[in-house]
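Working notes for the structure below.
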């Protein structure tokens, strides 16, 4: 049974989430504040953290920052409906996904399952290379010029999808399905935010060009270095 941690000061919401997700087969723990929430999140006992952005004393972004200093445990953030800035900020800081409130409990469960599917117990052992970028599926490590990069789970999976077909375009629909594990919605721009974050961490090509190129109306491609065949 997957163990989930909810960090939220809203007791009624936590009871509702606990009641529903328990029926869905998850074991739920609840932390009402930042300090106990961070301590539990870093304990290694939980498969995923559900974190509310809006908490009165120490906000969700600060909690996320503390968690990400020490752990890559998946984090699903709950945000205010319509506040795009909160969603983008959370993804930039390393959240794996977000869900605006009020939300459908069925969608919450499906988002959680999609995140957990992206971290299977038996990791792929594939090794992908493009120029100075090396991706090791076994250790889930990415290096640029031999130096490790600190990528989130989503960013790692996104890079793997693009590297497998370097030089070819992958549609946004396929990226959402393969990387985020859900159906594509034209109003959901989270995959674009993840691409932006990944671009920033990878940096430009040695000649100053972009490693990940947007193809207008089509999707994204990873630029294959000149003279290099398919990975």
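Quick check, is residue 135 at pLDDT 90 or above and in a helix (DSSP H, G or I)? It is false that residue 135 is at pLDDT 90 or above and in a helix (DSSP H, G or I).
With respect to (1) surrounded by 14 or more Cβ atoms within 10 Å (Cβ to Cβ); (2) more than 22 Å from residue 216 (Cα to Cα); (3) in the same structural domain as residue 218 (by TED's automatic domain parsing), the lone exception for residue 190 is condition (2).
Scanning the stretch 42-66 for residues that are closer than 24 Å to residue 103 by Cα and either outside the structural domain of residue 85 (by TED's automatic domain parsing) or touching a strand residue (DSSP E or B) at 6+ places or on another chain (Cβ under 7 Å) (or both) yields 46, 47, 48, 49, 50, 51, 52, 53, 54, 60, 63, 64.
State whether the residues of the stretch 88-95 include one that is within 21 Å of residue 116 (Cβ to Cβ) and surrounded by fewer than 19 Cβ atoms within 10 Å (Cβ to Cβ). Within the stretch 88-95, one or more residues are within 21 Å of residue 116 (Cβ to Cβ) and surrounded by fewer than 19 Cβ atoms within 10 Å (Cβ to Cβ). For the stretch 44-62, filtered to residues that are within 17 Å of the chain's Cα centre (by Cα) and in a loop (DSSP other than H, G, I, E, B), the residue that is nearest to residue 5 (Cα to Cα) is 46. Of all residues in the stretch 147-203, those that are assigned to a loop (DSSP other than H, G, I, E, B) and farther than 15 Å from residue 90 by Cα total 14.
If you take the residues in the stretch 74-87 that are in contact with a helix residue (DSSP H, G or I) (Cβ under 9 Å, 6 or more places away or on another chain) and either in a helix (DSSP H, G or I) or at pLDDT 90 or above (or both), which one is surrounded by the most Cβ atoms within 10 Å (Cβ to Cβ)? Full working, then the answer.
Step one: filter the stretch 74-87 for residues in contact with a helix residue (DSSP H, G or I) (Cβ under 9 Å, 6 or more places away or on another chain), giving 74-80, 86-87.
Applying the additional criterion that residues be either in a helix (DSSP H, G or I) or at pLDDT 90 or above (or both) yields 74-78, 86-87.
Working: 74: 22, 75: 28, 76: 21, 77: 26, 78: 25, 86: 20, 87: 23.
The selected residue is 75.
The values are calculated or read from the model by the stated rules, or taken from the named source; none is laboratory data. The structure displayed is predicted, hence computed values, not measured ones. Ideal geometry is used to build each Cβ from the backbone, glycine not excepted, and the neighbour counts take in all protein chains shown.
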